[in-house]
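K.L.:
Quick one: the structure is below, and I'll ask about it shortly.
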Amino acid sequence: PLGTSTQNYAFYGPDIIYWIATLGAVACEGVLAALLSIVAYKLIIQNPKGWTKYVVGFGILIPFWVVFPPLLLQMLDVQNKLMKFCVGAICPTLAIFHTSEAMFGCAPPHTTRSMADYALYWGSPIYLIFDSKKQTYVKANTTDLVAHLTRFLLCLFTVGAIQSILAQSHFEPYPVPADEPWYSASRFLNRHQLSNNIGVTFLMQSYMSMYTVGLEATAILLTGRKVQQVMNNPVLESTTPSEFWTQRWNTLVQGVLKRGVYIPMRKMGCHKLVSVAGTFLASGVLHEWLLTIVYLVVDSEKGTDGRCSDCFVPMHGGSTAFMLYMSLIIAVEKTVAHYEIFAQTKHHRLPKPILTMLLLMLGIPVVHWFMDPYTKSDFFLEGGIGLPMIKPL
C-alpha cells in the first residue's frame, strides 16, 4: 500500500576467520608469557629477598606488558576493537598481576614447584584446577570438553540474538542525550538511561561468558585438565556485592587482583577496607589502560596527515569512578552486614530474586560510567563479525 514500507532482514553466520585470528593472537601472547615467566621465576621467585625482584618486576616485566600490546596490534594491523580488547585484556593483564604476585610472595604455591609449572601458570589464559591433596592437576575427560563446547555454542547464539535486537538502536533503545558525558547528573536515575544500562549489562555479561567459555574449552583441549569457570551468571544469581565480584564475575581477573593487589596491601598493614579500595582502584586503572588499547589507531587507519578523523576517542575516568563506587558499596556491606537488622539467617532471609534485584538497583544507575566508551563506539558492532546475527539488508 501507498505510504508503507517493509524492512528485509537476513541471517549472517559468524566469521570463522575472526575467531581463528583472535585465538591465534592470544595463543602467541600466551607463549610469550610462558617464556617471560622464566625471568620472573629465576629473578623473583627464586630470589625473594632484596630489591632485585622489584627492579625486575616494576622496571622490566610490568612496563613490558604495558607497551607490548600496542606494538603487537600495530605489527599485525589489527583494526577490530574487540580483537584489540582480547589482545590487551587476557595475557598482558594476567602477566602484570602475576608479576605483582611474585614480587610480594603471593603466587599460588603449586605454580612455583618448578619452572615448568610456573610457565604453565603464566602461559595459560585460564586457571587449571589443582588438587592440593593429591598434588596434581585434575584431569579432564571428553564429557568436560563436550560440555564446554556446547556452552560456547549456546552463548554464541544467545549473544547473537541479544545483539541482533540491541544493534538496531545502536545499543541505546531509549533516547538519551548523545553529547552528555558519563558524569552528567541528568543521566543518573534517568529512566531511559536505566533501561539502556540494563540491556548493555546483560550484553556485556553474555560477551564475557562467551569468550571465557571459549578459552576454557581451548584450555581443556590443549592441556587435558579441568579448568576454573570464569563467569558464573553474576547478574542473575548474585545476592551480595561481595558474591558478585569475588565469586561470580570474571573470577580469573578477580583472583589475580586479590593476590597481586589486595593481599600485598594487607601484608603491608593496610586496613581491610583500604585494601578493598586499592584493589578496585587498580582494576579501574587497568580498564582505563584497556581503553587506550581498544581505541588505539593503527597506521592503516590514519590519513595522509597522520590522523584518523572519524575514529572514536573515549572519555577516560568513568571506569575508575565505577570501580571506586563499587568499592564503596562493598565497604558499606562489610560495615553493616553484622548488624542484626541486616543479618540474613536461615529463618529470616529474603527470597533470592529479591536480593538479586536489590543488588542490581545499586549498580545499574552507574553502569554507563563504565560502558559509555563501548556503547557509543563501534565496539560491539565490530564484535558482531564473530556472531550469528539477523541484520537488516
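K.L.:
Out of 87, 78, report the one residue that is crowded, with 20+ Cβ neighbours inside 10 Å and not in a helix (DSSP H, G or I).
P.N.:
Values: 87 fails: not in a helix (DSSP H, G or I).
Selected residue: 78, the only one of 87, 78 that is crowded, with 20+ Cβ neighbours inside 10 Å and not in a helix (DSSP H, G or I).
K.L.:
Could you tell me whether residue 304 is crowded, with 17+ Cβ neighbours inside 10 Å and at pLDDT below 95? It would help to see each step written out before you state the result.
P.N.:
Details: crowded, with 17+ Cβ neighbours inside 10 Å: no; at pLDDT below 95: yes.
Against the criterion (crowded, with 17+ Cβ neighbours inside 10 Å and at pLDDT below 95), residue 304 does not qualify.
K.L.:
Determine, yes or no, whether residue 216 is open to solvent by less than 20 Å² (accessible area, probe 1.4 Å), among the acidic types (Asp, Glu) and under 21 Å from the mean Cα position of the chain (by Cα). Give the steps one after another, and end with the answer.
P.N.:
Working: open to solvent by less than 20 Å² (accessible area, probe 1.4 Å): yes; among the acidic types (Asp, Glu): yes; under 21 Å from the mean Cα position of the chain (by Cα): yes.
Against the criterion (open to solvent by less than 20 Å² (accessible area, probe 1.4 Å), among the acidic types (Asp, Glu) and under 21 Å from the mean Cα position of the chain (by Cα)), residue 216 qualifies.
K.L.:
Of the numbered conditions (1) polar (S, T, N, Q); (2) over 18 Å from the mean Cα position of the chain (by Cα); (3) in a loop (DSSP other than H, G, I, E, B); (4) crowded, with 16+ Cβ neighbours inside 10 Å, residue 275 satisfies every one except a single condition; which is it?
P.N.:
Tallying (1) polar (S, T, N, Q); (2) over 18 Å from the mean Cα position of the chain (by Cα); (3) in a loop (DSSP other than H, G, I, E, B); (4) crowded, with 16+ Cβ neighbours inside 10 Å, residue 275 fails exactly one: (3).
K.L.:
A follow-up question, please. Which ones in region 129-146 are surrounded by 15 or more Cβ atoms within 10 Å (Cβ to Cβ) and without any contact (Cβ under 8 Å) to a residue 60 or more places away in the chain? Steps first, answer last, please.
P.N.:
Within region 129-146, the subset surrounded by 15 or more Cβ atoms within 10 Å (Cβ to Cβ) is 130, 137, 140, 144-145.
Across region 129-146, the qualifying residue is only 130.
K.L.:
With the requirement that a residue be out of contact with any Lys or Arg (no Cβ under 9 Å at 6 or more places or on another chain) and part of a helix (DSSP H, G or I), what does region 215-240 give you?
P.N.:
Across region 215-240, the qualifying residues are 215, 218, 221, 222, 223, 236.
K.L.:
Something else now. Taking region 20-51 on its own, how many of its residues are among the aromatic types (Phe, Trp, Tyr) and surrounded by 15 or more Cβ atoms within 10 Å (Cβ to Cβ)? Steps first, answer last, please.
P.N.:
Our first condition is that a residue be among the aromatic types (Phe, Trp, Tyr); within region 20-51, this holds for 41, 51.
Within this subset, residues satisfying the condition of being surrounded by 15 or more Cβ atoms within 10 Å (Cβ to Cβ) are 41.
Result for region 20-51: 1.
K.L.:
Regarding residue 54, is this residue closer than 13 Å to residue 102 by Cα, open to solvent by 40 Å² or more (accessible area, probe 1.4 Å) and hydroxyl-bearing (Ser, Thr, Tyr)? Even if it seems obvious, please write down each step before you answer.
P.N.:
Numbers: closer than 13 Å to residue 102 by Cα: yes; open to solvent by 40 Å² or more (accessible area, probe 1.4 Å): yes; hydroxyl-bearing (Ser, Thr, Tyr): yes.
For residue 54, the condition - closer than 13 Å to residue 102 by Cα, open to solvent by 40 Å² or more (accessible area, probe 1.4 Å) and hydroxyl-bearing (Ser, Thr, Tyr) - is met.
K.L.:
Tally up the residues in region 147-199 that are open to solvent by less than 40 Å² (accessible area, probe 1.4 Å), in contact (Cβ under 8 Å) with a residue 60 or more places away in the chain and of a type in the set (Val, Ile, Thr), please.
P.N.:
Final tally of qualifying residues: 1.
K.L.:
Pull up region 65-75, narrow it to residues that are farther than 26 Å from residue 267 by Cα and among the hydrophobic types (A, V, I, L, M, F, W, C), then point me to the one that is least open to solvent (accessible area, probe 1.4 Å).
P.N.:
By that ranking, first place goes to 73.
The values are calculated or read from the model by the stated rules, or taken from the named source; none is laboratory data. Source: prediction; values computed, not measured. For neighbour counting, all protein chains shown are included, and Cβ atoms are generated from backbone atoms with ideal geometry for every residue, glycine included. When the accessible area is computed, the model is the full protein with side chains, heavy atoms only, and any ligands, DNA or RNA have been set aside. Shrake-Rupley method; radii C 1.70, N 1.55, O 1.52, S 1.80 Å.
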